[in-house]
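To start, the structure under review is shown below, and the notes come after it.
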Amino acid sequence: MASSHGPGGGGSDHAQAPEEALRSDLKRFIVDHLRLPGVDPASIADEAPLVGGGLDLDSIDVLELVTGAEKRYGLRFEDPDLVQEVFKSVATIASHIAAHRGSR
C-alpha cells in the first residue's frame, strides 16, 4: 500500500526535478536581486508575466535581472528581442537556462 501526499505535499527541496529546482532558485534570485520586500518567492507563479504581472516589474527591473542572470547563470543576452522572449516569466527564463546548460 503506497502513501500519497498529493502534489507538493511535504516533500523536501532536494527531491525536486532539476527544472523545478531552477525555477525555485530563479524566484529567490528575482526577489533578492530586485530587493522586493514582502514578496514570498514561492508566491510567484511560474507562468505569470514578469512585466505587467503581479510583480509589476518595469524595463529597468528587467535590465537588472538580465545583468544579474548573466553573472549568476553564465549567460549572455546581446539581442533585445531575445531578452523580451526569455524574460517573459520564470518558466521562460528557466527553459532558456536549461537549454543553454545542456548545450555546453
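The values are calculated or read from the model by the stated rules, or taken from the named source; none is laboratory data. It should be emphasised that the depicted structure is a prediction, and the values quoted were computed from it without experimental measurement. Every residue, glycine among them, receives a Cβ derived from its backbone with ideal geometry; neighbour counts consider all protein chains shown.
Here are the numbers:
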quantity: Test for ALA98: is it surrounded by 11 or more Cβ atoms within 10 Å (Cβ to Cβ), more than 14 Å from PHE29 (Cβ to Cβ) and of a type in the set (A, V, I, L, M, F, W, C); calculated: yes
quantity: Which numbered condition THR67 misses (of (1) surrounded by 16 or more Cβ atoms within 10 Å (Cβ to Cβ); (2) assigned to a helix (DSSP H, G or I); (3) modelled with pLDDT of 95 or more); calculated: (1)
quantity: Tally of residues being of a type outside the set (A, V, I, L, M, F, W, C) and closer than 20 Å to LEU36 by Cα across region 71-103; calculated: 4
